[in-house]
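Colleague: First the structure, which I've put down as structure tokens, then a few questions once you've had a look.
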Amino acid sequence: MIKYMQYEEYESKVKLFHQERVERFHFNFSLVNQIHKEGEYVHDKFMNIEIKSVKFEDSLFENCYFEDVRSTNTYFENCTIKNTVFYNTGRCYICARILTNQSICP
């Protein structure tokens with residue numbers, strides 16, 4: 001019962017972002033307990049941050065750069081990743097169309 005109540009509380013704190021377009025933005029803050037659906041991220045930088053319990057669904061990442069990102073329970077589901085670099089990101093979980101020659105999760 002306690003575990004169920006903890007889960008309910010956690011679920012109530014999840015933030016949903018739908019069809020957001022973010023362009024030329026430098027994410028320098030942590031992303032926690034979020035779901036991003038049908039988003040577009042173009043020329044964005046994700047550097048020196050933590051991404052925890054975040055799911056990106058049906059989103060586009062084009063010309064983005066991820067560096068020194070620590071992630072836990074982070075998923076890219078059915079995303080399109082174009083010309084995007086993941087450098088020193090540890091493990092990430094990607095189910096995506098990858099349209100780049102860059103390495104993913106080195």
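Colleague: Quick check on the range 38-70: of everything there that is outside any strand (DSSP E or B) and among the hydrophobic types (A, V, I, L, M, F, W, C), which residue is farthest from ASN28 (Cα to Cα)?
Modeller: Across the range 38-70, the extreme among qualifying residues is CYS64.
Colleague: Name the residue, out of ASN28, ASN33, that is closer than 20 Å to ASN88 by Cα, surrounded by fewer than 19 Cβ atoms within 10 Å (Cβ to Cβ) and touching a strand residue (DSSP E or B) at 6+ places or on another chain (Cβ under 8 Å). Let's see the steps before the verdict.
Modeller: Working: ASN33 fails: closer than 20 Å to ASN88 by Cα.
So the residue among ASN28, ASN33 that is closer than 20 Å to ASN88 by Cα, surrounded by fewer than 19 Cβ atoms within 10 Å (Cβ to Cβ) and touching a strand residue (DSSP E or B) at 6+ places or on another chain (Cβ under 8 Å) is ASN28.
Colleague: Further question on the same structure: Report, by residue number, each residue of the range 62-106 that is under 11 Å from the mean Cα position of the chain (by Cα), at pLDDT 85 or above and of a type in the set (Phe, Trp, Tyr).
Modeller: PHE66, TYR75, PHE76
The values are calculated or read from the model by the stated rules, or taken from the named source; none is laboratory data. Bear in mind that the values here come from a model prediction, so they are computed numbers and not experimental data. Cβ sites come from the backbone with ideal geometry, for glycine too, and all protein chains shown count toward neighbours.
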